1. What FRET efficiency comes out for B:Arg324 versus B:Ala248 if R0 is 45 angstrom and r is the Cβ-Cβ distance? Round to the nearest 0.05.
2. Quick check on segment B:262-360: what does the Kirkwood estimate of hydrodynamic radius come out to from the alpha carbon pairs, in Å?
3. In whole Å and largest first, what semi-axes does the C-alpha gyration tensor of chain B yield when each eigenvalue is scaled by 5 and square-rooted?
4. Please give the calculated 222 nm ellipticity per residue for chain A, where each DSSP H segment of at least 4 residues contributes -39500 (n - 2.57) and the sum is spread over every residue; nearest 500 deg cm²/dmol?
5. Listed highest first by mean packing, meaning other Cβ atoms within 10 Å per residue, what order do A:78-87, B:267-276 come in?
6. Going 7 Å from the Cα of B:Gln207 in the Cα-to-Cβ direction, what parts of segment B:250-285 have a backbone nitrogen less than 11 Å from that spot?
7. Along each of its three principal axes, how wide is the spread of alpha-carbon positions in segment B:6-189, in whole angstrom units, largest first?
8. How big is the C-alpha Rg of the protein assembly as shown next to the rule-of-thumb value 2.2 N^0.38 Å, as a ratio?
Amino acid sequence: MSGPPRTARRALSDGLRAAGLWFGGGTLVLAWAATALIDGSAPSLGLFAVTAAVIAAGGLLFVLPAPRAVVGVVVVPAAIVVMGAGYVATLVVLARSAAPPGTTAAFPLSPVKTAMLAFAVNAGRRRAPLLAGAALVVVAEGASALLGPALGVPWAFDLPETATLALIALASSGFLIAGRRTEQPRRASAAAAGEEVLVRTRAVARSRAAAVVHDTVLGDLAAVSALGAGPLPSAAADRFGRTLELLASPGWALPAEDPGAIGGPVLAAIERTEQDGFTVRLDGELAELRGLEPRVEQALAAALEQCLVNARIHAGTDSAEVTVLADPTGLTVMVADSGAGFAPEEVDRSRLGLSTAVRARIEQVGGTVRVFAQPGVGTTVLLGVPKAVAP
Amino acid sequence: MSRVSLAAREPLLLGAPAPVLAAGGAGLALVTAVAATALGRAQIASWPLEAAALVVLAVAGVAVVLLASPFRAPFRARSQAAVLALVLLAAVLDEAAQTGRNAVVHDDWGLAVVPVFLLVLATLRPPREVLAGGLVAVAVIAGAVAALSPSLLVPLPRAARVAIVLTEVLPPAIAAAALARTTMRRLGGRRPAPASPEADSAPSVQQETIARLEAAAIPLLTAVVAAGSVTAEQAERARAITADLRTALVADLARGWLAEAGFGVDDPDGYAERMTPEQRAALRTTVASLPLADFERPGTAAVDGLDRAATLRLSLPVAARPRRSRYAPLVPLLRAVFPRAELRIDGDRVLVQVDFAVAD
């Protein structure tokens, strides 16, 4: 299961958590297995398994869900204490085994310390993993220096452990530095997404405004020029008055506040199909989508979505064009793609998604569906709907 | 498993650290190798081979720094193969340099530097290739250790030597793949949340339309209604206003997103209007990230197209020459959505050129 979509930061945090657990857990398991191949004595292997489990338990504390305020104060110190105790026990067990490590930096003590550092990747954000890792190094090397010689395992500088700590520092710094460098582009990127919506909104509003101006002002001006000099007929005066009233009224061309409501469910349906690189080009009298009765609008949205889904899945094309044409009684919406096409006469009508998901819906509200398709040329579907369902 | 790398999926957040990680990782690997060589100098049987190993490692470091540069984005499969091949060659040479005098396998620097490179490459290639690269690395190192280190100070069976290699290299290899795969899966189908259009971010369409109508059409209609009659002059004027208004409305409807963003546009065939939303967003992000001389009129946009292929050139006058580190992340951002994208500084302007294909 991939779980719900997350922000990039949250996703990265989950990725680092998985990496830390795989790194730490895998290292402990393989260190134990390699030790078994080197020294097969059951008692020491059994005890090593227990101490490795304690270290793993300490590492898992980092990923337990806890309030952020508690993590730094309680969880991280507790994990360090548990892992430190596990490391000390491991040192004692291995020192007393049949094949004790040559130094505190030898196998398998060094990988055990590396595993602890890998778990520390989950200690929190920013510098927290580095601080937790440094604390673990201090604890492990302190214990090694104090107890190792007494147990017959001399202390030695552990280069892989140091390199792992440096790697954690590098990763923290890398993401911090890059985060600072890309702060402005990331803000711009977030704004760009909003601009895309805004431009689309404005395009719809412009189309709406143009339609209104065309139907009112342009018509009125044409009437004025056609009338020529002379008295104004009362019908013309009434019409000009209504035009001036309309233009003075608020919101006649403004887009809806909710971007999802622009063009209603129809545009929302189109947006839902735009995924995996599939794009839809909108054209025509989009503003007329507003005038549809809700039942018609819903039916058109569902049918249109099905047409676009068909184009995306079956046509083998990455784009389609939707054109809205209005007439006094209704709308004709043309969905065209230049994909694989098909031969309608060769397809069982009962199996056509068009039959149920498209034709049935449109015909239910008194509309019509016409399909023009040809293999290798593309498919065009004309959805004709009335503005309102006939009583 | 996804076929996209984290750097390509989220270039600004997950791709941007790549150059820093590459440079730091290469440096860390070289320092580790030199330190391990110095600490284990008694185990070196052939100094020429050891020197060659260090030189090859340094070359691998330089290679990863150059190939992970944002100006060379995207990081290709052959780049991953080249870097890994060099690192593995260095590790094998190190093993060969210790043949006969290697005391313990655990302190061989190949086991420490290979994981560093695997983790550096984790964000640059798709998860499947990260895992494949890691497994190849494990196999090569294990094979080299099994073949070249038979005489250890503390004799170990071959299986134990291989197990030690697995302990050191396999977990980081899996961790690198887990980092890439988990992050990619969590990102899932995430798309940028659409921001609400801000009504005051630009004059509303209605205000613009009214302003245009108030210039001539509304006063004329108002005067006609008030007078209750039409003069010959008004009839003539109505004809002229109608023509102008119709032209303006057509131009308005034809105005594309680049013109809307303030660009002077030369795109007679409307190629730019057929860009994908992701391509438009990447260009908008690029433009908004630069210190433009005039944000209201960012510059000019020219598109040349033939059939389905087109090239867009943006010329963006800037107030100050942007630092290289400032515009470097924008190159991978553009290349994540355009098959070819260039960004360069030319005097007091930034030139952006992208190639794209449009649907029929």
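Computed from the coordinates by the stated procedures, all read-outs in this text should not be read as laboratory data. Not measured: the values here are computed from a predicted model. Neighbour counts are summed over all protein chains in view; Cβ atoms, including those assigned to glycine, are modelled from backbone coordinates with ideal geometry.
1. Once rounded, the FRET efficiency stands at 0.55.
2. Values: mean 1/r = 0.0737 Å⁻¹.
Taking every pair of different Cα atoms in segment B:262-360, averaging 1/r and inverting gives 13.6 Å.
3. The three semi-axes for chain B are 65, 18, 15 Å.
4. Numbers: 12 runs with 216 residues, N = 391.
It comes out at -18500 deg cm²/dmol, rounded to the nearest 500.
5. Numbers: A:78-87: 21.6, B:267-276: 18.1.
Per-residue mean Cβ counts within 10 Å order the peptides as A:78-87, B:267-276.
6. What the label zone holds, given the 11 Å backbone N cut-off, is no residue at all.
7. 54, 29, 23
8. Working: Rg = 34.3 Å, N = 751, 2.2 N^0.38 = 27.2 Å.
Rounded to two decimals, the normalised Rg is 1.26.
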